[in-house]
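Where a number appears in this text, it was derived from the coordinates with a stated rule and is not lab data. Note that the structure is predicted; figures quoted are calculated from it, not measured. Using ideal geometry, Cβ is built from the backbone for each residue, glycine included, and neighbour counts are taken over all protein chains shown.
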Amino acid sequence: MRPPRTSVQGHEQAGDASAALVSLFREHQLGLTRTALMIVGDRATAEDAVQDAFAEAHRRIDRLTDPDRMLPYIRASVVNRCRSVLRRRRIAFSAARVHEPPVWSAESSVILGEDRREVFLALQRLPRRQREALVLRYYLDLGEAEIADVMGIGRGTVRSTTARALAALAKHLGEQA
């Protein structure tokens, strides 16, 4: 059991953790938003997922004492929030139609380009787990151990899921696997 902190120690540690969290936000917010976008399919929802993950981390700042574990915690939180969004969409649209992302803006079209848009749309057709594995692996460039940690699965499952996802993506894009 840890000895109780004095109020000065508690404020210093909370200040250090808050500063680390602000630094993480500045450095990783854009990449995490892009990751969430690849999973959920629309920018506003992706931004909300990332913002909510950081807000929750800030509320729990007293429990996030290891700065090296903050980024993996936030990544996992973003992915879990994306899963919740997709689950709510599936329930809401189960009897209706498939969720269509918002119309592409001219700016988005220019930025993404036609090839990237095709890959993005093909990625959206993959099952959730396969889509998450590919986004974490090839977009965030995480290793198998980090992906397993974020997704809450084993390393072998990461390998097999990624392999199946690549084959399915190639099939959707009309390429040889």
Study note, to complete from the structure: In the neighbourhood of P72 defined by beta carbon distances under 11 Å, the net charge of the other residues (Lys, Arg +1; Asp, Glu -1) is -2
Study note, to complete from the structure: Here the range 146-157 yields Karplus 3J(HN,Hα) values (6.51, -1.76, 1.60; θ = phi - 60°; whole Hz; Gly and Pro given as x) of 5, 5, 4, 5, 5, 8, x, 10, x, 4, x, 5
Exercise for review: State to the nearest 20 debye the size of the charge dipole of the range 14-82 about its Cα centre, where the only charges are +1 on K and R beta carbons and -1 on D and E beta carbons.
Suggested key: 100
